[in-house]
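The values are calculated or read from the model by the stated rules, or taken from the named source; none is laboratory data. As the structure is a prediction and not an experimental result, all values here were calculated from the model. Reconstructed Cβ throughout: ideal geometry from the backbone, glycine too, with neighbour counts over all protein chains shown. For the accessible areas, the whole protein counts, side chains as well, though only heavy atoms, and no ligand, DNA or RNA atoms are used. Shrake-Rupley method; radii C 1.70, N 1.55, O 1.52, S 1.80 Å.
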Amino acid sequence: MDTKQWIRLEVICTSYEIESSFIDSLYEYGLLEIVEEENARFIDPMHLSDLERMIRLHYDLGVNIEGLDTIRHLLERIETLQQEVLDLKNYIS
């Protein structure tokens, strides 16, 4: 897998001033995809906005990992419902 465009987790932890254990917890709970290559761990830049949201919710609002999973699930459900509404509007028009 080509990880040249991916971001090293060490860089993320330093930039956002977060513990690597938080990233490990997200990964273990299935909230974050991490790729390991040559003894380094990486995250896809496309998932960076999701990670930033989880960082803000956890550190600023004190939401635990289980709460982050619930919020993620609800946001995905809202997006699905919004798309269904849009599809129905387009069908009616």
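Here are a few things to note about the model shown:
- Failed condition for residue 75, given (1) surrounded by fewer than 16 Cβ atoms within 10 Å (Cβ to Cβ); (2) in contact with a Leu (Cβ under 7 Å, 6 or more places away or on another chain): (2)
- Residue 81 vs. criteria part of a helix (DSSP H, G or I), of a type outside the set (D, E, K, R) and open to solvent by 80 Å² or more (accessible area, probe 1.4 Å): no
- All of (1) without any contact (Cβ under 8 Å) to a residue 24 or more places away in the chain; (2) out of contact with any Asp or Glu (no Cβ under 8 Å at 6 or more places or on another chain); (3) closer than 20 Å to residue 10 by Cβ hold for residue 58 with one exception: (1).
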